[in-house]
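Take a look at the structure set out below.
The values are calculated or read from the model by the stated rules, or taken from the named source; none is laboratory data. From a predicted model like this one, the values you see are computed outputs, not experimental measurements. Here the Cβ positions follow ideal geometry from the backbone for every residue, glycine too, while neighbour counts run over all protein chains shown.
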Amino acid sequence: MLSIISLFAAFAISFLVTLAITKSSQLNKGLWTDNDFSQPQKIHILPVPRIGGMGIFLGLITAVLLQKSISWNAQSQIILLATPIFLLGIFEDIFKNIKPNVRLILIAGTACIQIVSSNVYIDRVGISSIDQMLAIYPISLIFTIFAITGLTNAYNIVDGLNGLSSTLAILALAVIGLLSYIVDDYLLLYLSLISIASILGFLFFNFPRGMIFLGDGGAYLMGFLVSSFSILLVARNQNISPFIPLIINAYPLTETIFSIYRRKIHHKVNMSDADRGHLHSLIFRRITKCMHSAYIPINPNARATIILLIPSMVFCFAGAVFYKSTAILMTLYVTYFLIYLYCYKKIIRFRLTPNKLI
């Protein structure tokens, strides 16, 4: 039986810690306040604390300690294994001096420890030729490490608007939780629910006004949990298509793939160089900043989040409905990818305006 008390505690601790950070930052601008507006991806104009992940992490730990009815085996200790990744992100949020390559190596190392300790890895994708290769353990291990590292970093990449990364994580976790309930996987259901509760405690202050930012610590933590839970869901339940993780994480994955192409191939610059070329940045700068507030009566930053969230909700819902069909899920993702490319092309080449949206 899932403890309602632990779920409430996850939300309450996250809420109170986030509130305390927000209030303390208003009184005294500390090391954790983001007051560097020179980077091209930055769109805020006032100093904002960027350690919102602290509330999420402490909420999760509290829920884990309170839940007594769960058998905490190696597969259920993902939240504890996420601690090094969270601390890595928090250190970067405060000191801002960890090189991107070092971060990727540390995330990959943590992913490797998790895979080996839990003995859960990607051994099928629904395509026979690839599945034969994944039957070889070293190949499967490397592929799983790559998948977790990539998706963990993807949630950091899309953390560019108020509430965007956190609401995308909530959507993915909601589908994981729903499917876990359908297949009677109550451990994964509980892990998903306490994660959602903890994120909601932070989201109250982040969306729509952006009183606090998620930071690298929060984004890495969410990405690691979502990627790990996605793999657990498929590995523990053979009737769930291995393409479910792809469709419930469609925007973070697509944005990351296209960012690699845009920076490395098209512009021939370093992958770690920040820019304003993300779709969410373009929607904010070229659409919602000039959109009349009557369309969506909140600030332009939050409007852009809602615009991006709508298709993600539709595709997540479709994924939950067709969770058994690899063919349908593959078609859904290809459709999403083509829609992404079409919208990107329209915005970047023709400077799509609100009048053309109607």
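Please indicate, with yes or no, whether at least one residue in the range 264-281 is loosely packed, with under 15 Cβ neighbours inside 10 Å and at pLDDT 85 or above. Lay out the reasoning, then the answer.
Taking the range 264-281 and keeping what is loosely packed, with under 15 Cβ neighbours inside 10 Å, we get 264-276.
After this cut, where a residue has to be at pLDDT 85 or above as well, the list is none.
No - not one qualifying residue is present in the range 264-281.
Got a sec? Which helices (runs of 4 or more DSSP H) wholly within the range 115-216 have at least 2 residues that are aromatic (Phe, Trp, Tyr) and either buried (at least 21 other Cβ atoms within 10 Å of the Cβ) or within 15 Å of the chain's Cα centre (by Cα) (or both)?
Numbers: elements: 128-134, 137-157, 164-182, 186-206.
In the range 115-216, 186-206 are the helices (runs of 4 or more DSSP H) which contain 2 or more residues that are aromatic (Phe, Trp, Tyr) and either buried (at least 21 other Cβ atoms within 10 Å of the Cβ) or within 15 Å of the chain's Cα centre (by Cα) (or both).
I need the full set of residues from the range 294-338 which are basic (Lys, Arg) and surrounded by 15 or more Cβ atoms within 10 Å (Cβ to Cβ), in order please. Even if it seems obvious, please write down each step before you answer.
First, pick out the residues of the range 294-338 that are basic (Lys, Arg): 303, 324.
Arg303 - this is the single residue of the range 294-338 that is basic (Lys, Arg) and surrounded by 15 or more Cβ atoms within 10 Å (Cβ to Cβ).
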Which numbered condition Ser241 fails, given (1) in a helix (DSSP H, G or I); (2) at pLDDT 90 or above; (3) of a type in the set (Ser, Thr, Tyr); (4) within 30 Å of Asp123 (Cα to Cα): (1)
Residue match in the range 218-234 (condition: outside any helix (DSSP H, G or I) and either polar (S, T, N, Q) or surrounded by fewer than 24 Cβ atoms within 10 Å (Cβ to Cβ) (or both)): no
Residue in the range 93-109 that is small (Gly, Ala, Ser) and modelled with pLDDT under 90 present: no
Candidate set from the range 45-71 (those that are modelled with pLDDT under 80 and touching a helix residue (DSSP H, G or I) at 6+ places or on another chain (Cβ under 8 Å)); member that is farthest from Ser24 (Cα to Cα): Ser71
